[in-house]
Every structure is written in C-alpha cells, then in structure tokens.
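To start, the structure itself, in structure tokens.
Here, each number is a calculation from the coordinates, and none is a lab measurement. None of these values were measured; they are calculated from a predicted model. FYI the Cβ positions are ideal-geometry reconstructions off the backbone, even for glycines, and counts take in every protein chain you see.
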Amino acid sequence: MKLVTKISALALLGIVAISCGEKKGAESNEMGDSTEVAMDTVVVDTPNIVGVASSNEDFSTLVAAVKAAELVETLSSEGPFTVFAPNNAAFAKLPEGTVENLLKPENAEKLKSVLTYHVVAGKFDSAAVLDAIKDNNGKYSVTTVQGEAIVLSLNDGKVMLTDANGGTSTVILADVAASNGVIHAIDTVVMPK
C-alpha cells in the first residue's frame with residue numbers, strides 16, 4: 001500500500017511539474033510573440049533634408065529661403081544630396097537687407113542659385129570629405145547642383161569651403177543624417193559668381 005501511495009505521489013508531482021513547465025513555455029512563447037510584435041511596430045523614420053532642417057530652429061532662415069525658392073520638393077526627393085547648410089548666424093553675417101532682398105519673389109532665381117550652390121549631388125559624410133581632401137593634396141573641388149565649384153580644404157583640422165569669389169566658410173557640425181543624404185552645418189553663406 002505504501003508503494004502505491006508513493007507511486008501516486010510521484011505521478012502527481014510529475015504531472016504538476018509538467019503542467020508548470022507547459023505553462024511557463026506558453027508564457028515564454030507569448031512573451032516572445034509580444035516582443036516580436038513590439039519590434040515589428042516600432043519604426044524610426046529619419047526625415048529628409050527639409051524635414052531635418054525644419055526641425056532645428058537654427059536653420060529657420062534656410063528653411064524660409066528653401067520655401068521661397070520653391071526647392072522643398074527638390075530637396076525632399078530621393079537624392080542623395082550633401083547639403084552645406086548655413087545656420088541663422090551665417091545668414092546674419094550677410095550685408096543688411098541681403099536676405100530680405102533674396103526672399104522677394106522677383107529674386108527667386110538668384111535665391112535658387114545661391115541655395116543650390118550649397119548642395120552637392122551624392123552623399124558625402126565627413127569621412128568621405130576628409131579622404132577626398134587628403135587624396136587630392138589638401139584641396140578637393142566639388143561641383144555643386146548650381147553648376148559652379150566649391151573647393152574643400154582643411155584648416156586646423158576643420159573642413160573649409162572656398163567659394164567662387166574667394167569667400168570661406170567652416171563646417172561647424174558634420175554628418176547630420178537625413179533619409180535622402182547628409183547635412184553639414186556651415187558658419188558663413190558661400191556665394192556663386
């Protein structure tokens with residue numbers, strides 16, 4: 001009789017252990033499924049160049065100019081583009097009235113020329129820019145979307161831009177990612193001829 005009781009007790013213990021294991025396995029599968037669902041539903045979209053610039057108050061003048069020049073659609077397209085983006089302080093360095101004058105509807109083509117002079121077709125992060133400068137004896141000329149060239153060089157380890165008129169600008173923030181390219185913030189507006 002004792003033997004039957006012991007066997008019954010062991011059988012009951014085995015059933016309890018097995019059922020707990022199944023429940024734990026079911027909970028694990030449920031947890032695994034919920035983790036998968038959570039990972040599937042979390043999507044992080046990087047905005048395009050216009051979206052990135054619009055989300056940063058320091059580029060409000062640039063964004064207003066892009067809108068006035070009707071370049072939003074172009075800079076929102078697939079690209080890729082590399083934009084040397086003047087911040088608000090860069091626009092503030094221009095002679096008084098320059099920005100206001102460029103924003104007038106009758107100056108849309110001139111504004112478009114100035115803005116596209118800050119854009120290069122293709123995505124060139126800082127590593128690619130530095131390699132190009134080093135591989136070309138310290139100076140690398142890039143053709144802008146506007147059609148004229150800008151010369152990239154290094155000065156005290158910082159990337160410098162020299163425009164068609166000899167004016168210079170310094171990259172002050174590099175590698176701001178966008179879905180259709182990259183933005184490098186600059187401290188001075190560069191000008192085509």
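Note the full-extension length gain between SER179 and ASN88 as 0.36 nm times their separation in residues minus their Cα-Cα distance, in nm to one decimal.
30.5 nm
Averaging sequence separations of C-alpha pairs under 8 Å and six or more residues apart, then dividing by the length of the range 127-193, give the relative contact order as a whole percent.
The value is 21 percent.
Pull out the extension gain between LYS110 and ALA149, defined as 0.36 nm times the separation in residues minus the alpha carbon to alpha carbon distance; nm, one decimal.
Length difference between fully extended and current span is 12.4 nm.
Compute the signed sum of charges (Lys and Arg +1, Asp and Glu -1) over the other residues within less than 13 Å, Cβ to Cβ, of VAL119.
With Lys, Arg at +1 and Asp, Glu at -1, the neighbours total +1.
Report the number of Lys pairs in the range 98-193 whose alpha-carbons are under 29 Å apart, with separation of 8 or more residues or on distinct chains.
So the count works out to 18.
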